[in-house]
1. Name every residue in region 125-170 that is acidic (D, E) and either surrounded by fewer than 20 Cβ atoms within 10 Å (Cβ to Cβ) or modelled with pLDDT of 95 or more (or both), in order of residue number.
2. Take the residues of region 91-106 that are modelled with pLDDT under 90 and farther than 16 Å from S42 by Cα: which is surrounded by the fewest Cβ atoms within 10 Å (Cβ to Cβ)?
3. Would you mind finding the one in Y195, Y229, Y183 that is open to solvent by 60 Å² or more (accessible area, probe 1.4 Å) and at pLDDT 95 or above?
4. I'd like to check which helices (runs of 4 or more DSSP H) are fully inside region 175-268 and have at least 3 residues that are under 23 Å from the mean Cα position of the chain (by Cα).
5. If the requirement is being surrounded by fewer than 17 Cβ atoms within 10 Å (Cβ to Cβ) and either at pLDDT 90 or above or charged (D, E, K, R) (or both), which of these qualifies: S295, S281, S305?
6. Filter region 74-88 for residues that are closer than 19 Å to V38 by Cβ and over 23 Å from the mean Cα position of the chain (by Cα) and give the result.
7. When you go through (1) more than 19 Å from T254 (Cα to Cα); (2) touching a strand residue (DSSP E or B) at 6+ places or on another chain (Cβ under 9 Å); (3) open to solvent by 60 Å² or more (accessible area, probe 1.4 Å) one by one for K210, which number turns out not to apply?
8. Which of the residues spanning region 75-90 are open to solvent by 10 Å² or more (accessible area, probe 1.4 Å) and either in contact with a helix residue (DSSP H, G or I) (Cβ under 7 Å, 6 or more places away or on another chain) or under 20 Å from S44 (Cα atoms) (or both)?
Amino acid sequence: MGKRLRTGVTAALRTAHASAMGMKMAAHLLALTADGGVPLFSRSIGDLKTLPFTHIGTLNAIHLYSRLRGGELQTAITVGSKILWRVFHNSVILILATSEDATSDSHLFHLLDNIFAAMVMMVGVDSLQNIRNVDHLKRELRICFFLVDHLLQQLDQDMATVSDLTGTVDCLLCTESPTLQNYLTAFVNLANTSYGCLMVRGKVAVATKKWWSLAGQEMALLSVFVNTYPKTTSREVSIYLPNSCPMVCNKLVTLQLTQGVEVCVLCGPVPSLNQLEEEGSKLWKGAYQLLKSVSSLHPHNFPSSIVIDRNILGFILIHREHQSSLCSVQPLEGDTIKLKDRKCVSLRRRQEILRALYKLAVGIYFPAPEDVNDGANVKNTEDKTSHGKHSSQELYICTEHHKCYVLQSELHQLYILFSVTVPTYAMRSVAHRTMKILTRNKLCVL
């Protein structure tokens with residue numbers, strides 16, 4: 001087991017280094033009908049050729065053969081690559097072929113769960129569970145391609161948010177949250193709903209209680225959807241909630257209040273988008289300076305009144321019960337990157353390392369979160385059976401260019417990227433102190 005853990009550390013860090021040096025991860029995603037193996041769509045990342053139909057048929061046939069023999073094929077590993085199969089509602093099968101990075105399979109299964117949930121969010125579970133016309137479903141699913149492609153990008157580790165990976169909603173801490181909460185409450189009342197949030201570049205600044213009551217996967221997918229959908233001053237989109245309301249269509253309305261700041265509500269057909277635009281612009285007019293101030297927090301993502309150790313290059317803080325997270329790769333005000341300094345860690349590299357650190361820790365050292373998608377026929381039990389006998393509480397890694405420390409408590413997990421100059425013996429005390437500083441504030445549900 002010790003050899004496997006050492007291999008995992010080495011491979012995870014190698015993956016982050018390869019990505020930082022421009023060596024992109026590659027993957028194929030296939031969606032097929034479970035009964036006949038008819039392709040619904042295929043997507044890919046990286047410099048890959050389109051998979052021939054014969055190869056697609058072979059991958060499906062292998063899985064079908066195992067099912068006919070009373071088994072359930074979940075994963076297969078070849079030299080340098082890995083293949084995963086996941087069946088949903090006995091109607092749709094997702095197949096993922098990607099590079100082997102020696103991390104837990106739970107992350108890739110989580111990715112497939114998110115992709116299917118994104119499909120449900122755009123077309124509803126009934127269209128996927130009871131396929132009546134395959135060609136019609138193919139056309140319907142085109143609307144979810146931009147969301148699926150974004151989720152696939154998590155394999156390449158180059159993403160500024162972590163909700164797709166952690167299953168939590170990205171948050172932003174701001175001192176203006178009490179005042180903004182009042183504005184948001186007034187706006188959701190205008191929309192005749194209880195579901196609303198204020199989002200800053202894909203991160204939730206404030207939200208209503210009903211919004212926080214949504215499943216973590218739903219909040220994360222809604223944030224990803226709003227952040228990746230083509231920007232416009234206002235939009236009205238019909239969506240389904242994959243966990244709360246997969247059969248009934250809801251209306252998602254977003255209004256852009258200022259650069260990078262959007263207010264989002266889930267509501268019924270009344271009032272109309274034009275009415276919300278007209279009344280909303282009047283309501284939010286008085287909050288313009290507050291919104292500008294909140295927008296300026298990006299990419300710091302928390303107020304300057306919260307001071308942390310100068311050796312910290314970035315961190316991810318997760319509240320496991322509230323399913324929320326705070327991520328920053330520029331935690332120090334005025335933090336500048338000297339590209340000529342070989343020992344510096346660029347902002348992009350920090351993102352990659354933190355994501356690789358999470359993938360290394362969760363599922364190998366820490367227990368993987370429970371699957372949230374009940375539509376999947378199988379649950380990933382590999383990590384629970386292999387590593388469930390011992391759950392670590394803290395973890396540290398030292399490399400030539402940086403150091404990392406991971407700490408978990410009953411409610412929180414904290415992943416910290418340190419400068420290489422920090423003394424190894426000091427990382428633990430700094431991590432515990434940082435956890436207290438970030439969790440004692442009253443600015444967010446963290």
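1. Narrowing region 125-170 to residues acidic (D, E): 126, 135, 140, 149, 156, 158, 164, 170.
Passing the criteria: D126, D135, E140, D149, D156, D158.
2. Going through region 91-106, the residues modelled with pLDDT under 90 turn out to be 98-106.
Subsequent filtering for residues that are farther than 16 Å from S42 by Cα retains 99-106.
On the way: S99: 16, E100: 14, D101: 23, A102: 19, T103: 21, S104: 24, D105: 17, S106: 22.
Among residues in region 91-106 that are modelled with pLDDT under 90 and farther than 16 Å from S42 by Cα, the one surrounded by the fewest Cβ atoms within 10 Å (Cβ to Cβ) is E100.
3. Details: Y229 fails: at pLDDT 95 or above; Y183 fails: open to solvent by 60 Å² or more (accessible area, probe 1.4 Å).
None of the other options fit; the residue is Y195.
4. Numbers: elements: 177-190, 209-212, 216-228.
Because the criterion is at least 3 residues that are under 23 Å from the mean Cα position of the chain (by Cα), the helices (runs of 4 or more DSSP H) in region 175-268 that meet it are 209-212, 216-228.
5. Values: S295 fails: surrounded by fewer than 17 Cβ atoms within 10 Å (Cβ to Cβ); S305 fails: either at pLDDT 90 or above or charged (D, E, K, R) (or both).
Only one candidate qualifies: S281.
6. Kept after step one, since they are closer than 19 Å to V38 by Cβ, are these residues of region 74-88: 85-88.
Residues satisfying the conditions do not exist here.
7. With respect to (1) more than 19 Å from T254 (Cα to Cα); (2) touching a strand residue (DSSP E or B) at 6+ places or on another chain (Cβ under 9 Å); (3) open to solvent by 60 Å² or more (accessible area, probe 1.4 Å), K210 is out only on (1).
8. Filtering region 75-90 for residues open to solvent by 10 Å² or more (accessible area, probe 1.4 Å) gives 75-81, 83, 89-90.
Result: T75, A76, I77, T78, V79, G80, S81, I83, H89.
The values are calculated or read from the model by the stated rules, or taken from the named source; none is laboratory data. Note that the coordinates shown come from a computational prediction; the quantities given were computed from them, not determined experimentally. Cβ: placed from backbone, ideal geometry, glycine included. Neighbour counts: every protein chain shown. For the accessible areas, the whole protein counts, side chains as well, though only heavy atoms, and no ligand, DNA or RNA atoms are used. Shrake-Rupley method; radii C 1.70, N 1.55, O 1.52, S 1.80 Å.
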